[in-house]
Amino acid sequence: MRLLRLSLTEFRNYAALTWRPGAGINVLYGPNGSGKTNLLEAVSLLMPGRGMRSARNADLPRRGAAGGWAVAGRFATAGGEVDIGTGSAPDGPPDRRVFRLDGVAPRSQAEIAARIAAVWLTPQMDRLFQEGMAGRRRFLDRLAWALEPGHAREVAAHDAAMAQRNRLLADRRADPGWLAGLEDSMARHAVAASAARMALVARMNAVAPFPGFPVARMGLDCAIAGRLGPEPALKVEDWLRDSLAATRVRDADAGSTGVGAHRADMTLADAVTGTPAAIASTGEQKALLVGVILRHAALIAEARGFAPMLLLDEPTVHLDPERRAALFEALVRLPAQTLITGTDAETFLPIAGHAEGMHVHSGELLPDRRFPQIDSIAAPVPGTS
């Protein structure tokens, strides 16, 4: 899978840009605020979901833009070239986002997920083990989604049923039959989502580690998953359905649901030392995360027949020179197209023979002559500033 062309219109700090990446590794460097991360975010928005920043649609248009915003990409895939676009609806409210697949609206985002995939690493993930479990669970779900596109539907259906249940419980006069129907839906989707998470964790732990990075042991802290091991799925669904029915009064008082797929947490530890990521040093945490991302890319390549795009935003921060060298060696070895950012080009000169280098400046991408001259076009759309 390769990104052949990326086009931006009134997106973030770009009035208009068309870029044709010309290498397997694409280095984007420049000062903070120049728009490096915006380019990675644009690519991530072509995947199902809310992108690498989970930004609100209202925050995506360029400041001062009169109309809507759009991002479009052409990808080479095993099934041929495909055009994917997303942006504000031309005939709807500005905060509504739509997708296009080869020019028409897809039936669901799963159609897009079946064709392309991406994995990303952002500086915000450096705090993954100091913050709440919601962020770790979303991280885990993105990994699962890239392997099983239907996983997102299960999580979304569970959360939608839970939200309706919470609203009914808050009313204190809800029909018991209605609540039972919602709890049945929650139980079915929660068990399916938990099973997908368990499968992802098992497959990740079986992937060979990359040289230079600690062996990360992934785990799933989840009451549903704990029962799914020794018990059949239907029995676990019955248990969850009964638990939800028995805790209606407590959940109504709390204003939230005490049991479900939303209570799962991902754990990560160094498999050799046993040190949990939560108490590891900042550098070790970063090394564990980078190792997970690399192994996940290798897993997707094996399972789906194509490697996902790697969107790595400032990945070398907190890595020592040996680990930076190990990262670069891994990127050269992986069959994945990589977009990687940093503040200066010198960090990436060790891979100059394998990468395209672009200086990001004032809404333009300027080729760096220290990197090979690869066939690439990075220029504003004619007729725009």
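The values are calculated or read from the model by the stated rules, or taken from the named source; none is laboratory data. Just so it is clear, the model here is predicted, and its values are computed rather than measured. Heads up, the Cβs are rebuilt from the backbone with ideal geometry, glycines too, and the neighbour counts pull from every protein chain shown.
Yes or no: the stretch 210-224 includes at least one residue that is of a type outside the set (D, E, K, R) and under 18 Å from the mean Cα position of the chain (by Cα). Within the stretch 210-224 (the criterion being of a type outside the set (D, E, K, R) and under 18 Å from the mean Cα position of the chain (by Cα)), the answer is yes, since at least one residue qualifies. Test LEU288 against the stated conditions and say whether it is among the aliphatic types (A, V, I, L, M), buried (at least 23 other Cβ atoms within 10 Å of the Cβ), outside any helix (DSSP H, G or I) and touching a strand residue (DSSP E or B) at 6+ places or on another chain (Cβ under 6 Å). It is false that LEU288 is among the aliphatic types (A, V, I, L, M), buried (at least 23 other Cβ atoms within 10 Å of the Cβ), outside any helix (DSSP H, G or I) and touching a strand residue (DSSP E or B) at 6+ places or on another chain (Cβ under 6 Å). Cβ separations smaller than 8 Å between residues 6+ apart or across chains give the following pairs from the stretch 102-128 residues that are over 14 Å from THR316 (Cα atoms) to residues that are among the hydroxyl-bearing types (Ser, Thr, Tyr): ARG115/THR77; ILE116/THR77; ALA118/SER44. Applying the criterion of being of a type in the set (Gly, Ala, Ser) and over 18 Å from the mean Cα position of the chain (by Cα) to the residues of the stretch 88-121, the residue that is surrounded by the fewest Cβ atoms within 10 Å (Cβ to Cβ) is GLY103.
Filter the stretch 313-358 for residues that are surrounded by fewer than 23 Cβ atoms within 10 Å (Cβ to Cβ), modelled with pLDDT of 95 or more and among the small types (Gly, Ala, Ser) and give the result. Within the stretch 313-358, ALA325, ALA326, GLY342, ALA345 meet the criteria. Once the stretch 54-82 is narrowed to residues that are β-branched (Val, Ile, Thr) and touching a strand residue (DSSP E or B) at 6+ places or on another chain (Cβ under 8 Å), the residue that is surrounded by the fewest Cβ atoms within 10 Å (Cβ to Cβ) is VAL82. Just one of the listed residues (MET198, MET162, MET204, MET218) is in a strand (DSSP E or B), buried (at least 18 other Cβ atoms within 10 Å of the Cβ) and touching a residue at least 12 places away in the same chain (Cβ under 8 Å), namely MET218. Filtering ALA252, ALA269 for residues that are touching a residue at least 24 places away in the same chain (Cβ under 8 Å), part of a helix (DSSP H, G or I), over 25 Å from ALA152 (Cβ atoms) and touching a Lys or Arg at 6+ places or on another chain (Cβ under 9 Å) leaves a single hit, ALA252. I'm checking my understanding of the structure. Among residues of the stretch 122-141 that are among the charged types (D, E, K, R) and surrounded by fewer than 20 Cβ atoms within 10 Å (Cβ to Cβ), which one is nearest to ARG304 (Cα to Cα)? Ranking the candidates gives ARG138 first. Filtered by the rule that a residue be part of a helix (DSSP H, G or I), in contact with a strand residue (DSSP E or B) (Cβ under 8 Å, 6 or more places away or on another chain) and of a type outside the set (Gly, Ala, Ser), the stretch 330-346 gives LEU331, VAL332.
State yes or no: is GLY68 part of a loop (DSSP other than H, G, I, E, B), modelled with pLDDT under 90 and either touching a Gly at 6+ places or on another chain (Cβ under 7 Å) or within 19 Å of LEU339 (Cβ to Cβ) (or both)? Judged against the criteria, GLY68 is a match. Total residues in the stretch 3-19 satisfying the condition of being surrounded by fewer than 18 Cβ atoms within 10 Å (Cβ to Cβ) and either in contact with a Pro (Cβ under 8 Å, 6 or more places away or on another chain) or modelled with pLDDT of 95 or more (or both): the figure is 4.
ALA15: more than 22 Å from ILE293 (Cα to Cα) and either within 22 Å of the chain's Cα centre (by Cα) or part of a strand (DSSP E or B) (or both), yes or no? For ALA15, the condition - more than 22 Å from ILE293 (Cα to Cα) and either within 22 Å of the chain's Cα centre (by Cα) or part of a strand (DSSP E or B) (or both) - is met.
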